[in-house]
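Taking it in order: structure first as structure tokens, then the write-up.
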Amino acid sequence: MTKQNTFNNASAPVTVHVVDDDLHTREVLCQLLMLEGYPVQSHDSGAAFLQAYDGLAGCVMLDLAMPGMRGEALLDEIVLRKLNVVVVVMTGHATIESAIHITRAGAIGFLQKPFDGDQLLTKLEKISLKAQTVFARRALVDDYRQRLESLTSREREVLDLMLATMTSQEIATQLGNSKKTVDIHRTRVMQKMGASTITELIMNWTLLFHTSVV
């Protein structure tokens, strides 16, 4: 029986992409992951992964020391392209500099080579919990951005002033509208943004856009 994929809570399973130039490592990892019920794709280079990536949520198990496009370069490219994946770095010789770079670029976990099968699976279970949080947060941000795009230009102006904690009267003076008109805009903004109070609106904005989204 296929084990429930734990990298997210959605019905569609998250594919694990093993990116490593070493054939033996790829084969061992893929076999181990498939036995545990994870959908797996194998890639012998960063370029191969980028070409094959289907745009769906995934977990990339990435080796650093690869010829051509090194792991750090692929990680940078993943961030640049905003791919919907989480990255777990595999390395046997990470330097302090590379560790700092990888962490800042958003990798959510490290696997030290060579790795023991049982230890690997235990660590993956822990990493998957973090991955769930990352995917859930990204979904919230995407939803919030779609809500923002649904606002008219005037509603967006009102939202910006609401986030600055201005009152309806202060907003009316700023925009040259009546307070009644501003109140109508405020109501529409709250409805479209899915907030019931101004405090909730400000908290959502701060949590989603002023803290890191891996």
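The values are calculated or read from the model by the stated rules, or taken from the named source; none is laboratory data. Quick caveat: nothing in here was measured; it's all calculated off a predicted structure. Don't worry about glycine lacking a Cβ; one is built from the backbone with ideal geometry, like all the others, and counts go over all protein chains shown.
Assorted remarks:
- Contacts under 7 angstrom Cβ, first residue in the stretch 71-85 being in the same structural domain as H43 (by TED's automatic domain parsing), partner of a type in the set (K, R) and surrounded by fewer than 18 Cβ atoms within 10 Å (Cβ to Cβ), 6 or more apart: N84/R138
- Failed item in (1) exposed (fewer than 15 other Cβ atoms within 10 Å of the Cβ); (2) closer than 30 Å to I198 by Cα, with L161 passing the rest: (1)
- Taken across the stretch 40-55, residues that are of a type in the set (A, V, I, L, M, F, W, C) and either within 18 Å of A136 (Cα to Cα) or modelled with pLDDT under 90 (or both) do not occur at all.
- Within the stretch 40-72, tally of residues that are assigned to a loop (DSSP other than H, G, I, E, B) and under 18 Å from G109 (Cβ atoms): 3
- Of the candidates R70, R26, the single residue that is in contact with a strand residue (DSSP E or B) (Cβ under 7 Å, 6 or more places away or on another chain), at pLDDT 85 or above and among the basic types (K, R) is R26.
- Taken over the stretch 18-62, the criterion of being crowded, with 19+ Cβ neighbours inside 10 Å and free of Cβ contacts under 8 Å to residues at least 12 places away in the same chain is satisfied by no residue.
- Listing of helices (runs of 4 or more DSSP H) fully contained in the stretch 83-165 that carry 3 or more residues being closer than 26 Å to L208 by Cα and under 16 Å from the mean Cα position of the chain (by Cα): 96-105, 117-149
- Within the stretch 165-178, the residues that satisfy the criterion of being over 11 Å from I198 (Cβ atoms) and surrounded by fewer than 17 Cβ atoms within 10 Å (Cβ to Cβ) are Q169, E170, T173, Q174, L175, G176, S178.
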